[in-house]
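Data block below; observations after.
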């Protein structure tokens, strides 16, 4: 076990191609599922990590998204519903030399596994979390999920759901996540970029991927799919750039009115009054996390990228301190320590 | 208890005893646990064998003076083998009326009863439900050897010149009781004086106060007219070697440390605080130098799954809890069954169901360990017999889990966890090797390719080039490990997982029989009841009865010679602190007409009651 950064290896990684990361298993998602695009993007992003394939592990829970590890030609563990964050934590504590990805969904990660998600984020375990959010339970055939909108009519809620949705980004930020970003399954170029950013983060990288379930919740994210709607609503977050969105002939800006975000005509505000995105400003990120259509644009990109102590690093430092101060443990010495007495 | 008169020394008679059972009882705030622990250390120094039973309320600071706030510490010590903390008391120290009310019934007629009269005021009497002071009842002094001592007053007197406030002074009165009882039973004060010196090294005032009060109690015994005699218990005949006091939870923790050192495989312990298992986590957290990594997880499920994640990474994952926590871990344990990863699960059993009796002992999780998961989910189950045995069983659990790639339960209990015994320190080199082989060979690798002897699959550390593979909770095709919904494959895998656990029987040594190899009655026990059963059986043997006992360490699989042994006796008795769990397994497994002896009182089984059950079953000749 070494205290090296995740995935670091003595020898440089071989030159890989996307193909090196495709497993021999038939992919079994429904035809047209958004997961295919994500799988392809993730496989494509792997060679750029510069990490030997054997040092990469994909961990998942249960759900459509959680079948992901079977399709990656890396080490993989498909575990039980909601518990992947705890499995990944244990793995990182045992093996801080490995690069660990966690693939989860809105139900797995925010409903049955919500507690573990909270704790892995606050501990800042050095893993990359990909949360596929399709706002529905797919594998169990179409019940509403914790991110479904209030009043969602599904098989289990024929008169509409009674519970308000959780916002994954706001949740993650509230838990103290050090990296929070959002991308869209149908925006391949942006997804590529976000996968790289999330994977490069030291600490927990939390990436929400808006994903389409074409069978049980088709076009739930149509606001980001429909060409016209997307042009009106997509807000690309870029560090150091102002929050501007909308078509060129009708540019709009998000500005602060006191402590309340407000949408205005871009040309109506002076440059100095624009809200300039700062990835290191967690408070601003918390405001951005709540913006959504129709009254606001939909932010995609990196909301927050900050630093905090990493759980397993602290644990290893303590271990090394204990060993350097008092030497490695010896069971023979321990057994004879303290009060002992001799008979015979 | 046999008593022989010895020549009197000085004015006081000193009598020799084989053994004695003492209980210190008082309010939660009276320091009875510490008093008992110190008395235990003194007795260990004196060379006695001993067994202890701490018993305290679940409330951290229970309201003073109440019946439910009473805390007690019992121990039996003797010059011969001591198996249990004892059933009936030779001596009861009752620091307040509530303690008297709760514990008096356990004192033998003619037993020594020592009370702190200062605590028997109207308020405390009311709280204990006494309408009149029981100390004024002449019947009490007729039935017991009652000694009324104003411990509070004498304590204050001994340290009146020290600059401590009244409350601080009052807190030392437990050491007056300790000093007094130490004199009565001729215990050396040195270990307690040492302890005071270390404990209060930074606070000389408290060191001085406790020292003076301890000595004052001792001197009081020596000089007060009321104690006409005191006792001596010779050192016990014990195997030669170096001993230390050992509690069950510490022994479990140290067993893991030994396994980590011997196997050279790091251990990751995931736990969520729960009584009575928390002290294992706390103990392990102190030993980071052994590369033991502890995770205080967000809940029981995370504790188990973090351990499984560690095992996937090539460490030994261990999780520990008590019954309610084990219930929560069930699904995760099933994952370890099907992913075929090593996982050690400590279950420190306590009274249940639900929250039950958190600080009291029970043996009612055997069925949970064996069957408490969905579907066909076999696991190995082991149980330690004594506090010190926990060391060996924890070590063995790691060895089996790594060798057979499967979950292994260790069923300890609240009694073993907190109880202590003088423990012969082993030479770690004599422990069996734990030979872990991680697969690195690419040629012919499949994730579920099985070892023909153990049926275990290869353990591969992620990071091994060329062996990238995926496992999970979905049914897999044997050998390849690919997802499979094939009906015949599932049937094959169910049988294979069961057969793998059955093959652990190869590891079980021949069963030790305590008594004749054939006879009228075999008493079969498991876990923390070892002492009570052994004492009862030896008593019955001494009375000429044809009785033997065996104590099972391996509960799943059962020892291969067990079926044969059971048939060598006319009757089989199975004492358990549950309503009949092992007895059910034995009846089902061997079609033997075993009968249970069951008491579920949150306390160890009384040896006396087991003795009576033996007599009832095979007829008393007495």
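Once the piece of chain linking residue A:214 and residue A:192 is laid out straight, how much longer is it, given 0.36 nm per residue of separation minus the C-alpha distance between them?
Values: separation 22, 0.36 × 22 = 7.92 nm, distance 2.20 nm.
Between residue A:214 and residue A:192, full extension yields an extra 5.7 nm.
Compute the Cα gyration tensor for region B:519-618, then decide on rounded, prolate or oblate, letting a ≥ b ≥ c be the square roots of its eigenvalues: rounded whenever a/c is under 1.5, prolate when a/b is larger than b/c in the other cases, and oblate in all that remain.
Working: a/c = 1.63, a/b = 1.14, b/c = 1.43.
Oblate is the answer for region B:519-618, as a/c is 1.5 or above yet b/c matches or exceeds a/b.
Quick check: pseudo-label points 7 Å beyond the Cα along Cα→Cβ at residue B:616 and residue A:251, how many nm apart are they?
9.2
Mind checking which of A:271, A:193, A:54 has the largest fluctuation in a GNM of chain A, springs on alpha carbons under 10 Å?
A:271
Work out the FRET efficiency for residue A:280 and residue B:68 from their Cβ-Cβ distance, taking R0 = 51 Å, and round it to the nearest 0.05. Mind dumping the intermediate values first?
On the way: r = 55 Å, r/R0 = 1.08.
That pair, residue A:280 with residue B:68, gives E of 0.40.
If you restrict to DSSP beta bridges whose two residues both lie in the protein assembly as shown, what percentage is antiparallel, to the nearest 5? Don't skip to the end; give the middle numbers.
Working: 52 of 144 bridges.
Roughly 35 percent of the beta bridges in the protein assembly as shown run antiparallel, per DSSP.
Between 0 and 90 degrees, rounded to the nearest ten: what's the tilt of helix B:300-312 against the longest Cα principal axis of chain B?
50
For peptide B:276-283, how many partner chain Cβ atoms fall within 10 Å of a residue's Cβ, on average?
Working: counts 0, 0, 0, 0, 0, 0, 0, 0.
Mean inter-chain Cβ contacts per residue within 10 Å come to 0.
Starting from the Cα of residue B:443, step 7 Å along the direction of its Cβ; do the same at residue B:478; then give the gap between the two resulting points in nm.
Roughly 2.6 nm, to one decimal.
If packing is taken as the average count of other Cβ atoms within 10 Å, what order do A:240-249, B:419-428 fall into, highest mean first? Intermediate values should be presented prior to the final figure.
Values: A:240-249: 13.8, B:419-428: 20.4.
Going by the mean number of other Cβ atoms within 10 Å, highest first, we get B:419-428, A:240-249.
I need to check one value: relative contact order of chain B, counting alpha carbon pairs closer than 8 Å and at least 6 residues apart, in percent.
Numbers: 1377 pairs, mean separation 70.8, N = 622.
Relative CO of chain B lands at 11 percent.
If you average the C-alpha positions of region A:272-344 and of region B:349-412 separately, how far apart do those two centres end up, in angstrom?
33
So what's Rg/Rh here for region A:280-344, counting alpha carbon atoms and using the Kirkwood radius for Rh?
1.50
Ranked from highest to lowest mean number of other Cβ atoms within 10 Å per residue, what is the order of the peptides B:206-219, B:182-195, A:169-182? Walk me through the numbers on the way to the answer.
Working: B:206-219: 20.9, B:182-195: 18.8, A:169-182: 23.6.
Per-residue Cβ counts within 10 Å, averaged per peptide and sorted highest first, yield A:169-182, B:206-219, B:182-195.
Per residue, what volume in Å³ does the Cα convex hull of region B:244-430 take up? List each step's numbers first, then the result.
Details: hull volume 18.2 nm³, N = 187.
Value for region B:244-430: 97 Å³ per residue.
If every alpha-carbon in chain B counts as one equal scatterer, what log10 I(q)/I(0) does Debye give at q = 0.07, 0.08, 0.09, 0.10 1/Å?
Each listed q corresponds, in turn, to -0.49, -0.63, -0.77, -0.93.
Relative contact order of chain A: what whole-number percent is it, with Cα pairs under 8 angstrom and at least 6 residues apart?
Working: 697 pairs, mean separation 50.2, N = 344.
It rounds to 15 percent for chain A.
Out of A:330, A:66, A:156, any idea which swings most in a Gaussian network model of chain A, alpha carbons joined below 10 Å?
A:330
For a test of the definition: using alpha carbon positions, the gyration tensor, and the 1.5 limit on a/c, classify region B:485-548 as rounded, prolate or oblate.
prolate
Multiplying the sequence separation of residue B:429 and residue B:141 by 0.36 nm and subtracting their Cα-Cα distance, what value in nm do you get? Intermediate values should be presented prior to the final figure.
Values: separation 288, 0.36 × 288 = 103.68 nm, distance 5.61 nm.
Using 0.36 nm per residue and subtracting the Cα-Cα distance, I get 98.1 nm.
What is the Cα convex hull volume of region B:92-146 when expressed per residue in Å³? Write down the numbers at each step before the final one.
On the way: hull volume 3.6 nm³, N = 55.
Per-residue hull volume (Cα only) is 65 Å³.
If a paramagnetic tag sat 7 Å from the Cα of residue B:15 along the Cα-Cβ line, which residues of region B:97-112 would have the backbone N under 19 Å from that point?
It comes to B:107-112, nothing else.
Take every DSSP beta bridge whose two residues both sit in chain B, then give the antiparallel share in percent to the nearest 5.
Values: 31 of 90 bridges.
Here the antiparallel bridges make up roughly 35 percent for chain B.
How large is the Rg to Rh ratio of region B:3-233 when both quantities use alpha carbon positions and Rh follows Kirkwood?
Values: Rg = 16.8 Å, Rh = 17.8 Å.
On the Cα set of region B:3-233, Rg over Rh gives 0.94.
Over what distance in Å are the Cα centres of region B:444-479 and region B:551-566 separated?
Region B:444-479 and region B:551-566 have Cα centres spaced 31 Å from each other.
Using all Cα-Cα distances in chain A, what percent lands in each 20 angstrom bin from 0 up to the longest?
29, 53, 15, 3, 0
When Cβ neighbours within 10 Å are restricted to other protein chains, what is their mean count per residue of peptide B:289-300?
Details: counts 13, 8, 7, 2, 9, 2, 9, 0, 5, 10, 5, 0.
Shielding by partners across B:289-300 averages 6.
Any idea what the alpha-carbon Rg over 2.2 N^0.38 Å comes to for region A:180-319? Mind showing how you got there, number by number?
On the way: Rg = 16.9 Å, N = 140, 2.2 N^0.38 = 14.4 Å.
Dividing the Cα radius of gyration by 2.2 N^0.38 Å gives 1.18.
Give the percent of DSSP beta bridges with both residues in chain A that are antiparallel, rounded to the nearest 5.
Antiparallel: roughly 40 percent of the beta bridges in chain A.
What FRET efficiency would be calculated for the residue pair residue B:609, residue A:343, taking the C-beta separation as r and a Förster radius of 30 Å, to the nearest 0.05?
Working: r = 32 Å, r/R0 = 1.07.
The formula returns an efficiency of 0.40 here.
How far apart, in nm, are the 7 Å Cα→Cβ label points at residue B:367 and residue A:231?
My value for the distance between the label points is 6.9 nm.
Translational diffusion coefficient, Stokes-Einstein: compute it for region B:226-324 using the Kirkwood radius over C-alpha pairs as Rh, at 4 °C and 1.567 mPa s, and state it as an integer in µm² s⁻¹. Intermediate values should be presented prior to the final figure.
On the way: Rh = 15.4 Å.
Rounded, D is 84 µm²/s.
What Kirkwood Rh does the protein assembly as shown have if only Cα atoms enter the pairwise 1/r average? Answer in Å. Could you put the intermediate results ahead of the total?
Working: mean 1/r = 0.0318 Å⁻¹.
Over the protein assembly as shown, the inverse of the mean reciprocal pair distance is 31.5 Å.
Between region A:65-142 and region B:133-175, what is the C-alpha centre distance in whole Å?
Cα centres, region A:65-142 to region B:133-175: 61 Å.
Mind checking the angle between helix B:487-502 and chain B's longest principal axis? C-alpha axes, 0 to 90 degrees, to the nearest 10.
Taking Cα atoms only, the helix is inclined about 40 degrees.
To the nearest 10 degrees, how steep is helix A:84-94 against the longest Cα principal axis of chain A, on a 0 to 90 scale?
The helix A:84-94 is inclined about 40 degrees to chain A.
Per residue of B:313-320, how many C-beta atoms from partner chains lie within 10 Å of its own C-beta, taken as a mean?
Values: counts 15, 5, 6, 1, 4, 0, 1, 0.
Mean partner shielding for this stretch: 4.
Bear in mind these aren't lab numbers, they're just calculated from the coordinates by the rules spelled out. Just so it is clear, the structure is predicted and the values come from calculations on it, not from any experiment. With ideal geometry, Cβ positions are generated from the backbone for all residues, glycine too; neighbour counts draw on all protein chains shown.
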